[in-house]
1. If we sort 162-172, 12-22 on the protection proxy, mean other Cβ atoms within 10 Å, highest first, what's the order?
2. Please name which of P175, H26, N55 has its Cα lying farthest along the dipole of the chain towards the positive end, using unit charges on Cβ (Lys, Arg +1; Asp, Glu -1) and the Cα centre as origin.
3. Could you let me know the centre-to-centre spacing of the stretch 12-33 and the stretch 122-199, using Cα atoms, in angstrom?
4. What nm value, rounded to one decimal, do you get for the distance between L56 and E2 when each label is placed 7 Å out toward the C-beta?
5. Which value results when the Cα radius of gyration for the stretch 1-139 is divided by 2.2 N^0.38 Å?
6. Based on DSSP, what percent of beta bridges with both residues in the chain are antiparallel, to the nearest 5?
7. In nm, to one decimal, how far is the modelled label at R14 from the one at D88, with both set 7 Å along Cα→Cβ?
8. Averaging sequence separations of C-alpha pairs under 8 Å and six or more residues apart, then dividing by the length of the stretch 105-148, give the relative contact order as a whole percent.
Amino acid sequence: MEATAALQLADWRRQVDDLYGRVRAHGGGENSWHIWRNGKQRLYRDHPQSPVPVNLRVSYEFRCYPRDPSMRMLAELAPGTPHHIDGDGQVPGMTHLGTLRFTLQGEQHELGAWWLDGYAGGLFVPFADATSGTETYGGGRYALDTAKGADLGTDDGRVVLDFNYAYAPSCAHDPRWRCPLAPAANRLTVPVRAGEMGP
């Protein structure tokens, strides 16, 4: 990576981290969601490290489902036996750390929590659901990616899991990007109509 691109990428990560800091500071409600949505719109349209192709940025719209308060919950992180998925030189490998357990739409669900080898590590929770491939990106979305600052923190030892802030990986916007996607264990059978819709 050449120097200018490296500085731009560092700025992208800093701005994403700042954006989620503002979301956390506003408590995660309706106002927080608008801050997030508008911030994502600005970054994807204007930032030189946006995953959106340059020729599409001027008309780009960060499309989201309406905010649904029922899609915000606290998840228990149950430790598990670590196991590793290798990367391929472009997509980083990741190690399973444990399982997030939560209630969604009146039912118990689980998602694996991973630690990324690349991007300086970080807790990573990708997921796919019944909307994947029709209403949202087929490869799934990200609920948490702390390496990029994309997280909502914890509450009394539990992970704040709010699907209203779920977003598609960079490769959903342009195939030149290579992204870690949701493994089979992170596929929910229910539709998660919250967060970013298909690009």
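1. 162-172, 12-22
2. My answer, from the dipole projection, is N55.
3. The distance from the Cα centre of the stretch 12-33 to that of the stretch 122-199 comes to 17 Å.
4. It is 2.4 nm.
5. 1.20
6. Values: 32 of 34 bridges.
The answer is about 95 percent antiparallel.
7. In this crude label model, R14 to D88 measures out at 3.4 nm.
8. 35
The values are calculated or read from the model by the stated rules, or taken from the named source; none is laboratory data. Remember, predicted model here, so these are calculated numbers, not experimental data. Backbone-built Cβ (ideal geometry, glycine too); neighbour counts: all protein chains shown. In case anyone asks, the SASA skips ligands and DNA or RNA and just uses the protein heavy atoms, side chains included. Shrake-Rupley method; radii C 1.70, N 1.55, O 1.52, S 1.80 Å.
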